[in-house]
Amino acid sequence: LKKEVNFVYQGNEYKINLEEIGFNILSDKAATEARKIGRNENVILAIKEYYSSILGEKRIVSLEFDYNEEKLLAKIKEIENNFYKEVNQYSYKLEDNKLKITNGTSGLKIEQSEMIKNLIEVVRKRELNTKIEIPIKIEEPEKIDVEKIHDEVFVEVANAYYEKSPFKIYNEVIGIDFDTQQLNHIIQMEPEKEEYVIDLQITEPQIKVGDLGLYNDILGQCRTAYVNNPNRTVNLRLAASKINGKILMPGESFSYNEVVGERTVAAGYRNAAIYINGEVEDGLAGGICQISSTLYDAVVFSNLQVDERFNHARVPSY
């Protein structure tokens, strides 16, 4: 059992040393089973088994094995790392008035239970020189669900309006839509394509908040400059769009984190420089702190009440 079992995948060989994974034959159990032959409590059956053995009838004693599961799985994982591919589900984003869908990609991993079964079988048959093909499981991504994307993207256009009693303002809503039939046709024509792009149908409302004639005074303003790093600029635009047009009524409070929402890849955010424990590192949604800092200064100049704030670990250049 100091020998190795050989596995192959795409022409490459990988070895598992039986001793290293604590592989053992449960020989005592096999010997006990063998000894029972001809010693049955039923005397007639015992005599029959005895003479059958003398006359050359083969009796099979099944061998059972033991191994360190943790060590074996670790070894399989080590082999798998040479070709493992994680399955990636499709994703989409709205950019420059276009819907961009990235197709999913298949994943690749070892069928662990099958590989262990094959290893045991090779030892049982004493065929350690055999090269075993590694059993591979291909994980397919979900198919692009155009209707689901449409349900998530679609926004019905709405005009701005206000009510007097109690006084409340309703912002205008820009309509967003796309042609589901056209997109389905594009996907059917090229199902393996990496990315699909389709124009969004943007409908501007006829009446915006500014058209209601309710606001005339600028209470405060602030402007900061930024370096046009592509990923960071995307994050700035996205965060700014979330707070743009937000109306705060007397007595209401505003939370930048709540309005901007969760910072995720699915939401369209990208990696850019951020502060982590006082150091500059790349992180998701890097840069959106500049939007909150600029907004904070405008709020201060407007003499609005600030309930809670948190400063940077360092003073940023802007």
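In this structure the amide hydrogen of G245, modeled in the peptide plane, comes within under 5 Å of no amide hydrogen from residues 5 or more places off or on another chain. The fraction of Cα-Cα pairs per 10 angstrom bin, counted from 0 for the range 192-257, comes to 12, 30, 35, 18, 5, 1 percent, rounded to whole percents. When restricted to Cα atoms, the range 4-145 yields an Rg and a Dmax of 24.6, 89 Å, respectively. Kindly state, to the nearest 0.05, the FRET efficiency for K98 paired with N271, given R0 = 25 Å and r defined as their beta-carbon distance. For R0 = 25 Å, the calculated efficiency reads 0.70.
Amide H contacts for V87 (H built 1.01 Å from N in the peptide plane; partners 5 or more residues away or on another chain; cut-off under 5 Å): G107, L108. Evaluated at q = 0.19, 0.20, 0.27 Å⁻¹, a Debye calculation over the C-alpha positions of the range 239-305 (equal weights, vacuum) places log10 I(q)/I(0) at -0.84, -0.91, -1.28. In the structure shown, the pairs K77/K131; K77/K148; K98/K246; K109/K131; K29/K137; K131/K193 are assessed against 27 Å; a Cα-Cα span above that value is assigned to K77/K148; K29/K137; K131/K193. Rounded to the nearest 10 square angstrom, T264 shows an accessible area of 40 square angstrom against a 1.4 Å probe. In the range 129-262 the Cα-Cα distances spread across 10 Å bins starting at 0 as 8, 23, 28, 20, 11, 5, 3, 2, 0 percent of all pairs. Comparing I60, I149, I288 in a Gaussian network model of the chain (Cα springs below 10 Å), the most mobile by mean-square fluctuation is I60.
Between S165 and L248, the C-beta separation translates, for a Förster distance of 22 Å, into a calculated FRET efficiency of about 0.65. Structural descriptor for the chain: relative contact order 13 percent, calculated from alpha carbon pairs under 8 angstrom and at least 6 residues apart. Relative contact order of the range 15-124, taken over Cα pairs closer than 8 Å and 6 or more residues apart, is 24 percent.
Between E20 and A34, residue separation times 0.36 nm minus the direct Cα-Cα distance comes to 2.2 nm.
Of M115, M189, M249, the residue with the largest accessible area leads and the full order is M189, M249, M115 (1.4 Å probe).
Our coupling estimate for the range 252-268, obtained by passing each phi through the Karplus curve with A = 6.51, B = -1.76, C = 1.60 and θ = phi - 60°, is 7, 10, 10, 10, 4, 4, 5, 6, 5, x, 5, 8, 9, 5, 4, 6, x Hz, Gly and Pro reported as x. Taking a quarter of the surface of the Cα convex hull of the chain gives a mean projected area of 31.4 nm².
Ligands, DNA and RNA left out, the accessible area of the range 263-318 computed with a 1.4 Å probe is 50% carbon and sulfur. The mean accessible area for residues of the chain, using a 1.4 Å probe and ignoring ligands and nucleic acids, is 71 Å² per residue.
What number in nm² do you get for the range 93-201 if you take the convex hull of its Cα atoms and divide its surface by four?
Quarter of the Cα hull surface area: 12.5 nm².
Other residues lying with their Cβ under 13 Å from the Cβ of D199 contribute a combined charge of -2, Lys and Arg counting +1, Asp and Glu -1. Karplus-based coupling profile of the range 303-318, in residue order and whole Hz: 6, 7, 6, 9, 7, 7, 8, 9, 8, 5, 6, 10, 7, x, 5, 6, with θ = phi - 60° in 6.51 cos²θ - 1.76 cosθ + 1.60 and x standing for Gly or Pro. Compactness of the range 9-68 is given as radius of gyration and Dmax, 18.4, 57 Å, from Cα positions. Here's how it looks for Y170: its modeled amide H is under 5 Å from those of Y161, Y162, E163, which are all 5 or more places away or on a different chain.
Between F65 and L304, the simple label model (points 7 Å from Cα in the Cβ direction) yields a spacing of 6.9 nm.
The values are calculated or read from the model by the stated rules, or taken from the named source; none is laboratory data. Because the structure is predicted, anything quoted here is derived from the model rather than measured. Ideal geometry is used to build each Cβ from the backbone, glycine not excepted, and the neighbour counts take in all protein chains shown. Keep in mind that these areas ignore ligands, DNA and RNA; they rest on the heavy atoms of the full protein, side chains included. Shrake-Rupley method; radii C 1.70, N 1.55, O 1.52, S 1.80 Å.
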